[in-house]
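Chemist: To start, I am sharing the structure in question, which I have written as structure tokens.
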Amino acid sequence: MRKNVQTLLRDNAVTVMFVVLCVVSFFFSGQSLGYVAYELLGRLSRNAFIVLALIIPIIAGMGINFAITIGAMAAQIAALWVTEWQIPGLGGFAVAALMTIPIAALFGFLIGKLLNRMKGQEMIGGLILGYFANGLYQLLFLFIFGNLIPLHTDGLVIMGSTGVANTIDLHRIASSLDGLWRLNFNTAFYICMAAAIVYCIVRMALKKVSAKKGGIALGVLVAVLALYQIPAIKSGFSSLNIPVVTFAVIGLLCLANVAIMRTRLGQQFRAVGQNMTVANAAGINVDRTRVIAIMISTVLAGLGQLIYVQNFGLFQTYGAHEQVGLYAGAAILVGGASIVRATNGQALLGCILFHTLFIVAPLAGKNLFGDAAIGEYFRVFISYGVIALALVLHAWRGHSAKRDLRALSEKE
């Protein structure tokens, strides 16, 4: 039992560390549960889709796809033209999405081709590609758009100069997805819990899961229901409204990730991720499979960036995309994923923990040290630190596995 606990803590060291940091920071921040829940729901609706876009490249053995920054650029190009054409509402969002898909797919194809030439160095390659693409993006928005390609909508061009303005107002498509259907948190919570309980019972009845595991799952659900009845907790969430369609889209992506892994293509992703040599010997076109994984991830990142900017109703033209890869990569690692294994649950848990710390850290830093900037510096440090820690743990585990294999061969 003790060994199992030690193994669990060792394998989830980053997640456990973040849980502790979130609890401590929440305590010292002095913020109410309702405020943190409100901010967290907004951040989840904006960021979860992009984090989930990282899963397939990880399974395909390509590590964290930092090149999703380029997918975000594709989305912002599409958002610019929808603003120029003044297409309002959900129609504008749909047109932007339809434009993003082919642009991001093309970018993903080119990224995949380049990463196939740097096998084993995909993460650093993706990071450098993001910086290179950012230079081309700046050239496109500062010189080509508004100069070689004229823009006529008011506010899109820098006053007295050429190039796109620093901020693009997306008021025509603002909340076009989030505002379709909103539901009070209490109602949404009870509907989700009822659906989860029915799902567990059906799986137990069909013997898809053992009675023991099903009983544990039901017990956890009942415990969550009981916990929610505590007045302090219930009152903290009762005033919240859920953007149902946005979270439904996030849920559909989770289902799509599961579904694709059950297809032949999904099995090829897994085989390539486990061992490219063996996959190639089995007749799998390794390079093609890797390119497809990056294309899917880049397209999903573009769609995720559209969800992000429609939530805000505007975006910083030259900076909104820059930290997308870093923050999404850090979030998925926080949830317990590694650079070789990731699941929907780990992505969502990491998104919750990572953004909870972002919410509470500044005020905790102010209350503890008298300066909110310390909390800001801390959370930026955490973003880089958690990625570095994940890489160190991966290298350490790889070294330990080789050492154990060598010891076993010597015994034989």
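The values are calculated or read from the model by the stated rules, or taken from the named source; none is laboratory data. Keep in mind that what you see is a predicted model, and the values were worked out from it rather than measured. Glycine gets a Cβ as well: all are built from the backbone with ideal geometry, and neighbour counts include every protein chain shown. Please note that ligands, DNA and RNA were not included when accessible areas were found on the heavy atoms of the full protein model with its side chains. Shrake-Rupley method; radii C 1.70, N 1.55, O 1.52, S 1.80 Å.
Chemist: Provide the packing ranking of 169-181, 53-65, i.e. peptides ordered by the mean count of other C-beta atoms within 10 Å per residue, highest first. Can you show the working numbers first?
Modeler: On the way: 169-181: 18.2, 53-65: 27.5.
Most protected by this proxy first, the peptides run 53-65, 169-181.
Chemist: For residue 289, what charge total do you get from the other residues with a beta carbon under 14 Å from its beta carbon, if Lys and Arg give +1 and Asp and Glu give -1? Don't skip to the answer; put the middle values down first.
Modeler: Details: positive: 113, 119, 264, 270, 288, 290; negative: 122, 287.
Charge balance in the 14 Å sphere: +4.
Chemist: Turning to a different aspect of this structure: Can you tell me the mean projection area, over all orientations, of the convex hull of the stretch 1-142's alpha carbons? Units nm², please. Before the final figure, lay out the partial values.
Modeler: On the way: hull surface 53.1 nm².
That works out to 13.3 nm².
Chemist: With the cut-off at 15 Å, report for the stretch 73-150 the share of all Cα pairs above it, as a whole percent. List each step's numbers first, then the result.
Modeler: Details: 1915 of 3003 pairs.
Of all Cα-Cα pairs in the stretch 73-150, 64 percent lie more than 15 Å apart.
Chemist: With the dipole of the chain worked out from charges on the C-beta (+1 for Lys and Arg, -1 for Asp and Glu) around the Cα centre, which of 40, 192, 359 lies farthest toward the positive end?
Modeler: Value computed over the given set: 192.
Chemist: Dividing the alpha-carbon radius of gyration of the chain by 2.2 N^0.38 Å (N being the number of residues), what value is obtained? The partial results should precede the final answer.
Modeler: On the way: Rg = 22.8 Å, N = 412, 2.2 N^0.38 = 21.7 Å.
Here the Cα radius of gyration is 1.05 times the empirical estimate.
Chemist: Could you give the nm distance between label points at residue 248 and residue 264, where each point is 7 Å from its Cα heading toward the beta carbon?
Modeler: Taking the simple label geometry, residue 248 and residue 264 are separated by 3.3 nm.
Chemist: Using r as the Cβ-Cβ distance of residue 280 and residue 256, and R0 as 25 Å, what FRET efficiency do you calculate, to the nearest 0.05? List each step's numbers first, then the result.
Modeler: Details: r = 27 Å, r/R0 = 1.08.
The calculated FRET efficiency here is 0.40.
Chemist: Right, here's the next one. Taking only protein heavy atoms and a 1.4 Å probe, what accessible area per residue, in Å², does the stretch 313-376 have with all protein chains in place? Working shown, then result.
Modeler: On the way: 2180 Å² over 64 residues.
Ligands and nucleic acids excluded, the result is 34 Å² per residue.
Chemist: How are the C-alpha pair distances of the stretch 157-284 spread across 10 Å bins, as whole percents from the shortest bin up?
Modeler: Distribution as computed: 10, 20, 24, 21, 16, 7, 1, 0 percent.
Chemist: Where does each of 33, 368 land when they are ordered by accessible area, with a 1.4 Å probe and the largest first?
Modeler: Solvent-accessible surface, decreasing: 368, 33.
Chemist: Taking 0.36 nm per residue of separation and subtracting the Cα-Cα distance, what length does fully extending residue 198 through residue 161 add? Could the numbers behind the result be given before it?
Modeler: Numbers: separation 37, 0.36 × 37 = 13.32 nm, distance 6.10 nm.
Gain in length upon complete extension: 7.2 nm.
Chemist: Once the dipole of the stretch 98-227 is set up with Lys and Arg at +1 and Asp and Glu at -1 on Cβ about the Cα centre, which of 149, 99, 115 lies farthest towards its positive end?
Modeler: Most positive-ward Cα: 115.
Chemist: Each residue of the stretch 43-57 in order: what ³J(HN,Hα) in whole Hz does its phi give by Karplus 6.51 cos²θ - 1.76 cosθ + 1.60, θ = phi - 60°, with x for Gly and Pro?
Modeler: Residue by residue, the stretch 43-57 yields 5, 5, 5, 7, 10, 4, 4, 5, 4, 5, 5, 7, 5, 4, x Hz.
Chemist: Taking the Cα centre of the chain as origin, sum charge times position over the Cβ atoms of Lys and Arg (+1) and Asp and Glu (-1), and report the length of that vector in debye to the nearest 20. Could you put the intermediate results ahead of the total?
Modeler: Values: 29 positive and 14 negative charges, 374 e Å.
That gives a dipole near 1800 debye.
Chemist: Also, quick follow-up: Please give the peptides 349-362, 252-265, 121-134 ranked by average Cβ packing (other Cβ atoms within 10 Å per residue), highest first, as a rough proxy for protection.
Modeler: On the way: 349-362: 23.7, 252-265: 13.9, 121-134: 18.5.
My ranking of the peptides, most packed first, is 349-362, 121-134, 252-265.
Chemist: Also, quick follow-up: Determine the sum of side-chain charges near residue 46: Lys and Arg each +1, Asp and Glu each -1, restricted to other residues whose C-beta is under 12 angstrom from that of residue 46.
Modeler: Working: positive: 43; negative: 39, 178.
Once all neighbours under 12 Å are counted, the net charge is -1.
Chemist: Let me ask another. Provide the convex hull volume over Cα atoms per residue for the stretch 112-191, in Å³. Display every interim value, and only then the final one.
Modeler: On the way: hull volume 16.2 nm³, N = 80.
For the stretch 112-191, the hull spanned by Cα atoms encloses 203 Å³ per residue.
Chemist: Suppose R0 equals 22 Å. What FRET efficiency, 1/(1 + (r/R0)^6) with r the Cβ-Cβ distance, do residue 113 and residue 136 give to the nearest 0.05?
Modeler: On the way: r = 16 Å, r/R0 = 0.75.
So, using R0 = 22 Å, E works out to roughly 0.85.
Chemist: Size of the dipole of the stretch 1-132 about the Cα centre, Lys and Arg at +1 and Asp and Glu at -1 on the beta carbon, nothing else charged, in debye to 20?
Modeler: In debye, rounded to 20, the stretch 1-132 gives about 480.
Chemist: Can you check what the net charge comes to around residue 175, using other residues whose Cβ is under 12 Å from the Cβ of residue 175 (Lys, Arg +1; Asp, Glu -1)? Working shown, then result.
Modeler: On the way: positive: 46, 172, 182; negative: 178.
In short, +2.
Chemist: Using a 10 Å cut-off on Cβ atoms, rank the peptides 312-320, 273-281 from the highest mean neighbour count down. Walk me through the numbers on the way to the answer.
Modeler: Details: 312-320: 17.1, 273-281: 14.3.
Packing proxy ranking, top to bottom: 312-320, 273-281.
Chemist: If R0 is 22 Å, what FRET efficiency do you get for residue 35 and residue 186 from their C-beta distance, rounded to 0.05?
Modeler: Here the calculated transfer efficiency is 0.80.
Chemist: Shifting gears a bit: Could you tell me the convex hull volume per residue, in Å³, taken over the Cα atoms of the stretch 269-378? Provide the component values of the computation, followed by the final result.
Modeler: Numbers: hull volume 14.7 nm³, N = 110.
Enclosed volume per residue, from the Cα hull, is 134 Å³.
Chemist: Just subtract the alpha-carbon distance of residue 227 and residue 377 from 0.36 nm times their residue separation and send over the number in nm, one decimal. Before the final figure, lay out each step's value.
Modeler: Values: separation 150, 0.36 × 150 = 54.00 nm, distance 3.44 nm.
Fully extending the segment from residue 227 to residue 377 adds 50.6 nm.
Chemist: Between residue 239 and residue 81, what is the label-point separation in nm under the 7 Å Cα-to-beta-carbon projection?
Modeler: Inter-label distance under the simple model: 4.3 nm.
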